[in-house]
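A.B. asks: Quick one: structure below, then a few questions.
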Amino acid sequence: MIKPAAKRTRLIVDVSPGMRQRVKMAAARRDVSVRRYVEDILEAVVPLDEPLASERGRLVTGETLRLFKDIRDTVMRGRRFADDSTDLIEQARAERTADL
């Protein structure tokens with residue numbers, strides 16, 4: 001017996017003409033349809049067990065920490081601050097208070 005296909009719904013995303021062309025070219029390079037190409041990307045990126053919005057703020061996973069580290073490394077490009085930010089904030093408060 002043939003298993004019926006799962007019900008599908010339409011997802012419409014507005015993209016620039018340049019992005020549309022890039023997606024079409026990438027799909028063609030992989031010899032798949034644009035629909036299959038985008039669906040494969042979404043399958044790879046969107047987790048099946050996505051937490052509810054109310055839970056999302058409470059979850060810090062190893063993947064999240066790696067993402068933040070990568071972003072920090074990209075922004076800082078190996079630079080380090082000589083002073084602790086807590087000390088800098090305290091110093092700024094003291095200077096502001098002295099000016100009052």
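A.B. asks: Taking the condition at pLDDT 85 or above, of a type outside the set (Phe, Trp, Tyr), loosely packed, with under 10 Cβ neighbours inside 10 Å and part of a helix (DSSP H, G or I), does residue 86 pass?
C.D. replies: When the stated conditions are applied, residue 86 does not pass them.
A.B. asks: So is residue 64 of a type outside the set (Phe, Trp, Tyr) and loosely packed, with under 10 Cβ neighbours inside 10 Å or not? Please lay out each step first, then the result.
C.D. replies: Working: of a type outside the set (Phe, Trp, Tyr): yes; loosely packed, with under 10 Cβ neighbours inside 10 Å: no.
Here the answer is no, as residue 64 does not meet what is asked.
A.B. asks: Just one of 24, 69 is modelled with pLDDT of 85 or more, surrounded by 10 or more Cβ atoms within 10 Å (Cβ to Cβ) and under 15 Å from the mean Cα position of the chain (by Cα); which is it?
C.D. replies: On inspection, the qualifying residue turns out to be 69.
A.B. asks: Considering every residue within segment 45-55, establish whether at least one is modelled with pLDDT under 85, among the hydrophobic types (A, V, I, L, M, F, W, C) and not in a loop (DSSP other than H, G, I, E, B).
C.D. replies: Within segment 45-55, one or more residues are modelled with pLDDT under 85, among the hydrophobic types (A, V, I, L, M, F, W, C) and not in a loop (DSSP other than H, G, I, E, B).
The values are calculated or read from the model by the stated rules, or taken from the named source; none is laboratory data. Computed from a predicted structure; not experimentally measured. We place every Cβ from the backbone using ideal geometry, glycine too, and count neighbours over all the protein chains shown.
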